[in-house]
Amino acid sequence: MSDKRAFQGVWIPAELWLSRDLSLQEKVMLVEIRSLSVDAARGCYKSNKAFAEFFNLSASRVSEIISSLEKKGYLKIAQKRDGKRIVERNIFVQKGYSESRRGYSENAANPIRNPEGGYSENAEGSNTPKSNTVGDISTEHEPPVDPIESEFDQLWTDYPKRAGGNPRADALKAYRKQRKSHPFDEIHAGLLRYRRFCELTNKIETEYVQQAKTFFGPGKHWQGDFPLPTHGGSRENHRPNPKNAIRRIEEQAAAGFAAAEAREAAERPVATHDPTVRPQVGIPGR
């Protein structure tokens, strides 16, 4: 990520610097995360690897520091997912701390140089945001983290694909109601049983897959056993394929033509003067 910052230098407030609740590494990590929180909606999205390179620490040590700050209530972590894959981690400063207004004046004659090359706000050539203090990040700008929807993302990924409509919003609404009285693991286990059933009966990507809003609905279909087929044969024989229906129609038509020919043969006149020919018995129509 870009190291675009919302400041022109590092300022550590007295209450943070003198805090006995934080280690030195936690203090500077908190200041670093805060300085990178330019976008209040995204917070800081720098990776552990990038933090490790900046602080000359291991990535595992960075993870421990951030986890400790989260447990102590200084940070809040949110994750954006694409299915099971995490596409972005967002870190938000939770515990606000006031920053002294006695910092360097933006009109000071000798601005303090930023280690990365920046100067104070009015220095010529500055390309960083003009602010001599960093305001507290308001929680109203943080993207809401909905644990139920996060769970449902997993369920939606595992749900068997269906041909035809399968509205996600309706399914999520139904799932919310079920979660009031049933744990995620129970519902997820039922979904996996149903998915396995659909796979073995070749219902995947057909209209025979139940709509998710019904599956998660008041009927609690996810509680079903979904017994697997016990008869032998190829899996292809279990597929509700339109070609099978056409084949059955063709077979029925062929049988009808054969019956008609038999009736016509029975109705033809027979030469009775030939002693080798016996009287024909009419075959009743089917």
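A few notes on this one:
- Too-long pairs where the Cα-Cα distance tops 21 Å, listed order kept, from 80/180; 46/76; 84/180; 27/49; 76/173: 80/180; 84/180; 76/173
- Between the stretch 144-191 and the stretch 49-91, the alpha-carbon center distance in angstrom: 27
- Expressed as a fraction of 2.2 N^0.38 Å, the C-alpha radius of gyration for the stretch 147-238 is 1.10.
Quick note: the coordinates plus some simple rules give every number you see, no bench work behind them. Computed from a predicted structure; not experimentally measured.
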